[in-house]
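What follows is a set of notes on a single structure, which appears directly below.
The values are calculated or read from the model by the stated rules, or taken from the named source; none is laboratory data. Here the structure is a predicted model, which is why all the values come from computation and not from measurement. Cβ coordinates were reconstructed from backbone atoms using ideal geometry, including for glycine residues, and neighbour counts include every protein chain displayed.
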Amino acid sequence: MAKQILTTVILISALALGGCVTVATTGVVEGAKIASEERSINSASSDARIQLRINDKLLKHSTSLFTNVDLTVTEGRVLLTGNVPKAADRVKAVELVWQVPGVKQVMNELQVKEGGGVSGYASDTWLITKLRSQMILAKDIISINYNLDVVNGVVYMMGIAQDQAELDRVKNLVRNTSGVKDLVSYVRLKSNLPNPATAKK
């Protein structure tokens, strides 16, 4: 969805019409939370490189696959979302992802169906904007640690929660938001992450 030019235009239009004040406000709050991100700078940089390499492979394979497949990469874990026209496209996307060094896990949530059209993209774009704004404004949620994507009203979530209580708050926020049809969470708890110092020994 993030790669669709149409959704970008719709998002900009939506913000211009009614979201400017919210974005200005949430931008300040988000800036204060950035220092709390659980991923290290090295981990975030590695994830960015992995995402670039996957996108390159998707684009070289076909423009259609590159356009239809959205990526979220967190600590080498890759979440694939979006709509593809054929089941073979789901298989090919996973195959290409595993060819990239540094990939540790692949969650394939690609849906085999034609795109939802202008209204579908507009609805998903508005929903993800609303969810991100709500999470940023929530004082008891460190929103920078969560990545969201929305496909056909289904919310896919990755990231690192401070504890189970925070994760429950995020899930409740998402599920109680109008327009959300379902929630698929791949969020991990901070307490379950490997200790970097221990891992190096």
Is it true that Val155 is within 20 Å of Val78 (Cα to Cα), modelled with pLDDT of 95 or more and not assigned by the TED database to the domain that holds Asp47?
yes
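Given the condition under 25 Å from Ser64 (Cα atoms) and surrounded by fewer than 18 Cβ atoms within 10 Å (Cβ to Cβ), answer yes or no: does some residue in segment 164-181 qualify?
No, because not a single residue in segment 164-181 is under 25 Å from Ser64 (Cα atoms) and surrounded by fewer than 18 Cβ atoms within 10 Å (Cβ to Cβ).
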Matching residues in segment 103-124 - criterion: being in contact with a strand residue (DSSP E or B) (Cβ under 9 Å, 6 or more places away or on another chain) and either touching a residue at least 40 places away in the same chain (Cβ under 8 Å) or closer than 19 Å to Ile54 by Cβ (or both):
Val103, Lys104, Gln105, Val106, Met107, Asn108, Glu109, Leu110, Gln111, Gly115, Ser123, Asp124
Looking only at segment 141-176, which residues are without any contact (Cβ under 8 Å) to a residue 24 or more places away in the chain and farther than 23 Å from Ala44 by Cβ?
Ala165, Asp168, Lys171, Asn172, Arg175, Asn176
